[in-house]
Each structure stands twice: as C-alpha cells, then as structure tokens.
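The values are calculated or read from the model by the stated rules, or taken from the named source; none is laboratory data. The structure displayed is predicted, hence computed values, not measured ones. As a convention, Cβ positions derive from the backbone with ideal geometry for all residues, glycine included, and neighbour counts pool all protein chains shown. These accessible areas exclude ligands, DNA and RNA; they are computed on the full protein's heavy atoms, side chains included. Shrake-Rupley method; radii C 1.70, N 1.55, O 1.52, S 1.80 Å.
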Amino acid sequence: MPKTIAFIPARYGATRLPGKLMKILSGKTIIRRTYESVKNTGLFDDVFVVCDDERILTEIQAAGGKALMSIREHESGTDRIAEVAADIDADIIVNVQGDEPFIDKVALEDLLHLFQNEEVQVGSLRLPIDAPERIQDPNCVKVVCDRYGKALLFSRAAIPHVRDTEAPVQYYQHIGVYAFRKQALMTFTQLPVSPLEAVEKLENLRLLENGIPIHLAIVSHVGLSIDTQADFDKAEKWLAHLSTENNL
C-alpha cells in the first residue's frame with residue numbers, strides 16, 4: 001500500500017479574515033478543527049500541520065497533533081508543504097487547506113481513489129454548481145475537463161462560455177484539495193510562475209502550462225470552508241443547530 005500523508009498548510013495572516021485559523025469556532029480553533037477532521041477520517045498514515053506562526057504550532061501540539069514550522073516565506077500552501085515534505089517518506093501527499101474544518105471523508109476517499117490509476121500524478125476535486133451567482137463569482141474557481149476527467153482549464157471566469165443557449169451545460173467548481181505523487185509535488189514547486197497563473201492567480205495553471213495533467217474526481221459535498229466573516233458566522237450557526245439537535 002502506498003504511504004499516504006496529509007499536510008495542512010496553515011498561514012496565520014489572511015487577507016479577508018486576518019488570523020482566521022486561530023479564531024474560536026464553537027469552542028475550538030479553526031485549525032484544530034481542520035486537523036481533527038483530517039485525522040479522524042482514518043485515511044492517512046500521518047497528518048501534519050505546516051505553519052508559519054508559533055501560535056498555530058503551539059495550538060496543534062497542545063491538542064496532541066503534529067506540527068512543523070516552515071523556514072522560508074512561501075507564495076502558496078503547496079510550496080509550504082513541499083518544503084517539509086521533501087524530507088518525509090511518503091508516496092502520496094495530500095494538501096488540505098487549514099480553513100477546511102468540515103472536510104468530507106467521502107470526498108477525500110474519492111480523491112485518493114484516483115491514484116489507483118498509475119498514470120495519475122496529481123489529483124483534485126470538482127463540484128457541480130448551478131447557482132448563477134456562484135458561476136459568475138470570480139472567487140469561485142471553475143474548471144472544465146475532458147471526457148476522462150482531466151482538467152482542460154481552470155478560471156475565475158464563467159467557463160465554458162454559453163454561446164448556444166440550447167446546448168446542455170454543466171458548470172463545475174474546483175475544490176482546492178490536492179493530492180500529489182511526491183515527485184510530482186517536488187517538480188511543481190521547482191517550476192517558475194507561468195503566464196496564465198500570473199494573470200488568474202491560480203497555481204494549478206502552472207501544472208497545466210507545463211504539461212502536467214490534473215485528474216479531478218466529481219464530488220457532491222465537501223463541507224464549508226471558511227474564507228470570510230460570513231463563512232465563519234454560517235459555520236457557527238450550523239454548529240449551534242447541530243448541538244441543539246444532539247441534545248434533544
């Protein structure tokens with residue numbers, strides 16, 4: 001069996017919700033909830049949080065988890081985990097963002113299932129979307145794939161563009177959870193920023209522009225990620241409702 005390690009990149013600073021990973025969500029920090037959610041799936045040989053701040057390091061270690069400090073400054077979470085993964089024995093490396101406290105086990109299983117195909121070097125997830133506001137939202141990254149589930153293009157724009165309104169179309173949101181064979185991860189982080197990546201600010205485009213295919217599993221649910229204060233408020237309300245139901 002391939003050795004599968006999950007890494008959770010955790011940067012303290014955040015543009016839209018500063019310090020969000022250390023915000024208390026119904027009694028626990030967001031980063032602790034994410035760590036526990038990933039650990040409790042039972043899918044991984046080990047789970048590490050890779051952080052840039054002593055507060056996050058202390059929080060995870062106090063919860064009995066494994067945390068490592070990255071030494072260098074990084075543009076992305078993928079670069080952050082690659083720094084520490086280089087010295088860790090692993091066949092498949094999964095990158096789960098630190099703001100995913102409700103990450104779905106089934107979605108992660110579907111992601112890992114992709115690697116039963118020996119040709120798959122990089123895997124990720126896509127979610128069908130129909131709401132017009134999501135399709136037009138540049139913060140909701142869209143992806144189009146070929147018939148074999150390999151990404152053709154990622155974009156913040158609404159792709160595909162509908163010219164023929166009679167033709168059927170299904171939009172997919174890209175879910176930013178990745179899995180790499182270790183060598184593919186090392187190769188990716190040694191490549192320079194690519195032209196489309198620079199324009200769209202989407203690191204997955206660096207892979208496509210360098211001829212490295214990304215296979216995507218279709219999922220129906222991934223769990224709420226926390227990127228804004230509105231997301232945080234929604235998560236608090238959901239957990240409060242869940243707690244009330246369990247106490248009935």
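From D89, D99, which residue is buried (at least 16 other Cβ atoms within 10 Å of the Cβ), outside any helix (DSSP H, G or I) and in contact (Cβ under 8 Å) with a residue 60 or more places away in the chain?
Going through D89, D99 in turn, the sole match is D99.
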Among the residues of region 127-151, which ones are in contact with a Cys (Cβ under 6 Å, 6 or more places away or on another chain) and open to solvent by 30 Å² or more (accessible area, probe 1.4 Å)? R134
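Looking only at region 19-39, which residues are free of Cβ contacts under 8 Å to residues at least 24 places away in the same chain and either aliphatic (A, V, I, L, M) or over 23 Å from I71 (Cα atoms) (or both)?
Restricting attention to region 19-39, the residues satisfying the condition of being free of Cβ contacts under 8 Å to residues at least 24 places away in the same chain are 19, 24, 27-28.
Selection gives I24, G27, K28.
So is T78 open to solvent by less than 40 Å² (accessible area, probe 1.4 Å) and hydroxyl-bearing (S, T, Y) or not?
Numbers: open to solvent by less than 40 Å² (accessible area, probe 1.4 Å): yes; hydroxyl-bearing (S, T, Y): yes.
Here the answer is yes, as T78 does meet what is asked.
Scan region 102-126 residue by residue and report those that are assigned to a loop (DSSP other than H, G, I, E, B), closer than 24 Å to A67 by Cα and open to solvent by 30 Å² or more (accessible area, probe 1.4 Å). Steps first, answer last, please.
Residues of region 102-126 assigned to a loop (DSSP other than H, G, I, E, B): 102-104, 117-121.
Now restrict to residues that are closer than 24 Å to A67 by Cα: 102-104.
Answer for region 102-126, where residues must be assigned to a loop (DSSP other than H, G, I, E, B), closer than 24 Å to A67 by Cα and open to solvent by 30 Å² or more (accessible area, probe 1.4 Å): F102, D104.
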Examine region 165-179 for a residue that is more than 21 Å from V38 (Cβ to Cβ), within 19 Å of the chain's Cα centre (by Cα) and without any contact (Cβ under 8 Å) to a residue 24 or more places away in the chain, and state whether such a residue exists. no
Condition (residue is of a type in the set (D, E), under 19 Å from I129 (Cα atoms) and surrounded by fewer than 19 Cβ atoms within 10 Å (Cβ to Cβ)) applied to region 215-229: is it met by at least one residue? yes
Condition check: under 18 Å from I8 (Cβ atoms) and assigned to a loop (DSSP other than H, G, I, E, B). Does L224 satisfy that? yes
Residue check: is H241 part of a loop (DSSP other than H, G, I, E, B), surrounded by fewer than 16 Cβ atoms within 10 Å (Cβ to Cβ) and at pLDDT below 90? no
